[in-house]
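Okay, so here's the structure we're looking at.
The values are calculated or read from the model by the stated rules, or taken from the named source; none is laboratory data. Everything numeric in this text was worked out from a predicted model, so none of it was measured. FYI the Cβ positions are ideal-geometry reconstructions off the backbone, even for glycines, and counts take in every protein chain you see. Note: areas computed on protein heavy atoms with side chains; ligands, DNA, RNA excluded. Shrake-Rupley method; radii C 1.70, N 1.55, O 1.52, S 1.80 Å.
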Number of protein chains: 2
Amino acid sequence: MARLNLKLLLFLLIAVVSCTLVTYIFTCGHPTSSHTSFIHRLKESSSESRGKLYEELLCSINGMYQISCRKEGREVFIPFSFLEKYYEVYGKLTKNRGHEQFEWSHSYSKVFKPTMRYNSSGMFMYFSNYNVEVRDRVKCISATEGVPVSTQWEASGYYYPVQVAQYGLSHYSKNLSDHTPKKKILEDGNLVTAKWQVPKGASVKRNYDHEKFTHVLEFNSHDSMGISIKLRQGIDLVLSLDLRFLSMNGSLTIFLEDRDRSTIFPVSFVCSPVLIQVLNSSGSYSTTYGLGSCQNWNQLTRDLHVDLVKGHVLSGRGKKLLKTKLRIHHLLVKGHGQLDNLTLASSNHMGMFYSSADWLVRHQDSSGGWPIGVKRKIASGKADLDPGWYSAMGQGQAMSLLMRAYYRSGKSHYLEAALKGMKPFSKSSTEGGVRAYFMNQYPWYEEYPTVPPSFVLNGFIYSLIGLYDVVSLAPHDQVGDAQLLFDQGMHSLKKLLPLFDTGSGTVYDLRHFTLGLAPNLARWDYHSTHINQLLLLSTIDSDPILTTVAGRWISYMSGKRAAHN
Amino acid sequence: MARLNLKLLLFLLIAVVSCTLVTYIFTCGHPTSSHTSFIHRLKESSSESRGKLYEELLCSINGMYQISCRKEGREVFIPFSFLEKYYEVYGKLTKNRGHEQFEWSHSYSKVFKPTMRYNSSGMFMYFSNYNVEVRDRVKCISATEGVPVSTQWEASGYYYPVQVAQYGLSHYSKNLSDHTPKKKILEDGNLVTAKWQVPKGASVKRNYDHEKFTHVLEFNSHDSMGISIKLRQGIDLVLSLDLRFLSMNGSLTIFLEDRDRSTIFPVSFVCSPVLIQVLNSSGSYSTTYGLGSCQNWNQLTRDLHVDLVKGHVLSGRGKKLLKTKLRIHHLLVKGHGQLDNLTLASSNHMGMFYSSADWLVRHQDSSGGWPIGVKRKIASGKADLDPGWYSAMGQGQAMSLLMRAYYRSGKSHYLEAALKGMKPFSKSSTEGGVRAYFMNQYPWYEEYPTVPPSFVLNGFIYSLIGLYDVVSLAPHDQVGDAQLLFDQGMHSLKKLLPLFDTGSGTVYDLRHFTLGLAPNLARWDYHSTHINQLLLLSTIDSDPILTTVAGRWISYMSGKRAAHN
């Protein structure tokens, strides 16, 4: 009897437990039929004992379509996958001290608050963060010019003065922000000599060069495989040298090794007008840059990682090569030529900076402009720019760069080029200049001097900074119109700034007004550029409108809006 | 031994079950400590057997604060209570065919797409939906003037021409959209006679009036309680009559009954300059309107429901009285006076319309303006308007009203007032007119003619509609400058329209540009007014910019935005 009772008790207990579990699974389970069917009561914590209802719920979006939401008590939960498209907001799951959390970001961009007054001989804004040459729209760094070649508006490539100047300004700024580079001279034809491996029939000798006023290394490979230097730890990938060839078949090749893949990638510099050429072979490819006519001394500064990456992209290989995985295996010269100051360094920012400055000096035309050789469309069928146009932004950025080159080198031809660069600011867009007027009253320096004007904000402010750099660094008696142009521009900026304010962001330009189009909203990185520029100007001009507007625009980046009535 | 084993088994089983339940509560329950602690696996339906994880998750909002979200699988759910504040979006739980759903609304406002060309003698926009007189900022309908008294910018009350015109235009439009009103003449002194309850000592008689050229009722209550008419089903609450008193102590009182509360509310009209006065008594109150000097014939049109509601508000009673609960219990006249055409109707829109038109005729000044007697501040410390200013919107709406009065009545004094109303359009804001110029080039008719200008959009377009109504309905040889003013205004509108476009809504005005402030975003009802106005104009002007812009602005109301670059 006792046994039976116990057995019965046991059975009942098991039945109750099973039932509980069945109920649990049923109520927690996912539905198949109705849209409010998967329902689960979550017990409230601690004191409160009322259940919370968690269920699926349809959300009707503006009466236009429906999405699946969730409801818990009186709270409705909206899926982020909907919100990110609807509002173009950003979110990601991250770990915060071991706990998973979701980071909601209204904008993806960043503002750099200046800590001191802007200095025309110092870093240019936050350009030390720029890596102009690795951008996809940069085809490569030309070996004849030492500056980037853009494919932004023409796939075949062209020199874009804005990009050339930004390349130089970024390296100028990196030079100020980075550690002192590691640098090793391999061969200077005199005191430092490399261990050249000279095959039979080939020769190297060190002569005094009457053009360079220094000793140089002369090499002649004749019919051999070439003369080489083997490197043990060639991890500094910025190469500099002075080079000229006395035969047309000359070449300099650097063999880069991918340490992970044990693959060798040759990068060559040859006497050829070609910009960049890639030859695929099984498992590897060779990249060749043309030095143009190479009988004269060429001062080369090459970031070999960038040189290889650009070949890598052209070879059709998708994934980029990591700089840290590369080292120089050996260098090889062929043909008959001379070289000097063969150097490897972790960086050579000033070399690259001066490449840009020199390019700008060489390519300025008699009107003081840096003509842009590609057609530019602003809006379909409206306001095109024909090849040969100048950009106030290009002029301004070039001026910022050239004034720094003048400041650092003391060489007056940089100053002269910067001063000449102001000439298009006084000439109307209709006459080939960059000057427009808002409603015939407020002068504006046009990044894109279209007719009718487009009033691009960021390009205008870059041009103002260029003018300011001239004012700051040019000898007082040579400043010319720079102060007037700057003051007039600042006056226009302060007056027209509110027209760029949408109450929740900014517009990139005023084409909606001049062309009667929808406003061309600035994406967040341009919006933050606007703010960074205003913050820079606020360090040199105390008018409160600059900080007030910048502050409001910063607040838009975390979802604040201007008040409505 | 067996018993012991069973007891042990039972104990173990209970322990296991308890443990399971503890685990269940812990995992499903609401957390007290960790933010990811309430976790529950929901079984996927049908074929898929993978569990979905539903859990609490912290969302970090722009790195500034945290809210509690939910996570299910890879989807994160954001609480609507956060979104409605962050984005100012609207949502409510509703039933759709028995199923609960959540209605997400980007805006709360509505667009009325016109179905036909705008007609200057037809309904005015969607004003048939307006109930100007019931608005909180309307103190009451004056019994001397027959038009609303505004408290919007001055608590003591004043006549605001814009509101007077809108009151008239709304009734004109209701007259066209509503059914024919029910109407009952109670007494016309001749053919229709009411059953007056005349106490001892009092008298009524019907005489021919040599001023009105018709028979009227003359009453004299002497020392009695007054002469009255009892009504059986007095549910038509719009009273009209012609009334004058021959003694200063005369009064007309309508006793309204709240059928639910069995309370009687008297509404009186007396010879007094007072606008409205309320006397509280226990459980009820009496409302009195002054007729001013009342020796001359007064043509009264009163919505008794509105008259009572305004007293109700002034009596300090919060909740409004429902029209459907009210009926007229009886009417009472006191003192010595005459009345005629005593009528009760379900509405008398044209009576109210002409009250407005006549007020505008009476109160137009020699410059053609309807001066506004209150100070108006546009932005703190900036751009104030001193009492006596004109509003282009007021002028325009008055013109729309007066042209309709002229069209319906054929009376030339309405036309003359409308034509005179254009005069301030040609006079600058700085000289007391309403005309401003955007950048000295585009004329704009200012709702608020501040210096510097404010360029309010909706008021400007109302002024254009007024000009159009003059062009449409005035005799060709009397149109004057109306066509020119309209054409110039349309030209400005089309050019400046893009400046009101924020890419996700509109601005109310251009004060951000003229005063250097944050943009004054239009709330959704002004945004939809902008759209409704453009759609109206698009029926009389085929320029595609009107429909293009209206279409884009409509799309903003469901969350679309202009493209960013």
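For the stretch B:452-498, heavy-atom accessible area (probe 1.4 Å) falls by no less than 40 Å² from the chain alone to the full protein assembly at B:LYS495, B:PRO498.
Inter-chain Cβ neighbour count for A:503-510, averaged per residue, equals 5 (cutoff 10 Å, partner chain atoms only). Annotation: aspartates and glutamates with alpha-carbon distance below 15 angstrom to A:LYS110 (same-chain offsets under eight excluded): A:ASP525.
Think of a 1.4 Å ball rolled over the protein heavy atoms: the protein assembly as shown then has 44 Å² of accessible area per residue. Farthest towards the positive end of the charge dipole of the protein assembly as shown, among the residues A:LEU517, B:LEU58, B:TYR468, is the Cα of B:LEU58, using unit charges on the Cβ of Lys, Arg, Asp and Glu. Comment: the Cα-to-Cβ extended label point of B:LYS323, at 7 Å, lies 7.6 nm from its counterparts in the other copies, nearest first. Between copies, the label points of A:SER293, set 7 Å from Cα on the Cα→Cβ line, lie 10.6 nm apart, reported in increasing order to one decimal in nanometres. What the Cα convex hull of the stretch B:108-170 gives, in volume per residue, is 107 Å³. For the pair A and B, the buried accessible area comes to roughly 8600 Å² in total, with a 1.4 Å probe and the value rounded to the nearest 100.
How large is the dipole of the protein assembly as shown about the Cα centre if only Lys and Arg carry +1 and Asp and Glu carry -1, each at its Cβ, rounded to the nearest 20 debye?
Details: 122 positive and 92 negative charges, 780 e Å.
Value, rounded to 20: 3740 debye.
Relative to the other identical copies, B:LYS113 shows label-point distances of 5.0 nm, where the label point lies 7 Å from Cα along the Cβ direction and values run shortest first. Taking 18 Å as the straight-line reach from the Cα of B:LYS495, the lysines in range (excluding those fewer than 8 positions away in the same chain) are A:LYS382. For the stretch B:55-105, the Cβ-based charge dipole about the Cα centre amounts to some 120 debye (Lys, Arg positive; Asp, Glu negative; other atoms uncharged).
Under a model in which nothing but the beta-carbon of Lys, Arg (+1) and Asp, Glu (-1) is charged, chain B shows a dipole of about 1860 debye around its Cα centre.
Comparing A:TRP389, A:MET439, A:LEU419 along the charge dipole axis of the stretch A:328-480, the residue lying farthest to the positive side is A:TRP389, per the Cβ-charge model. Against the main long axis of the alpha-carbon atoms of chain B, helix B:304-314 sits at an angle near 60°. I'd like the carbon and sulfur percentage of the solvent accessible area for the protein assembly as shown, probe radius 1.4 Å, heavy atoms only, ligands and nucleic acids excluded. The C+S portion of the solvent-accessible surface of the protein assembly as shown is 53 percent. Listed by chain and number, the aspartates and glutamates whose alpha-carbon sits under 15 Å from that of B:LYS182, ignoring those within fewer than 8 places in the same chain, are B:ASP236, B:ASP303.
Candidates A:CYS140, A:SER221, A:HIS329 compared by Cα position along the dipole of chain A: farthest toward the positive end lies A:HIS329, with charges placed on Cβ.
Sorting the segments A:492-505, A:259-272, B:496-509 by their mean number of nearby beta carbons within 10 angstrom, highest to lowest, gives B:496-509, A:492-505, A:259-272.
Based on the Kirkwood approach, the hydrodynamic radius assigned to the stretch B:183-346 is 16.0 Å, with every pair of different Cα atoms included. Take every Cα pair under 8 Å whose residues are at least 6 apart in sequence, average their separation, divide by the length of chain B, and the relative contact order is 12 percent. The long axis of helix B:349-363 is offset from the longest Cα principal axis of chain B by roughly 70 degrees.
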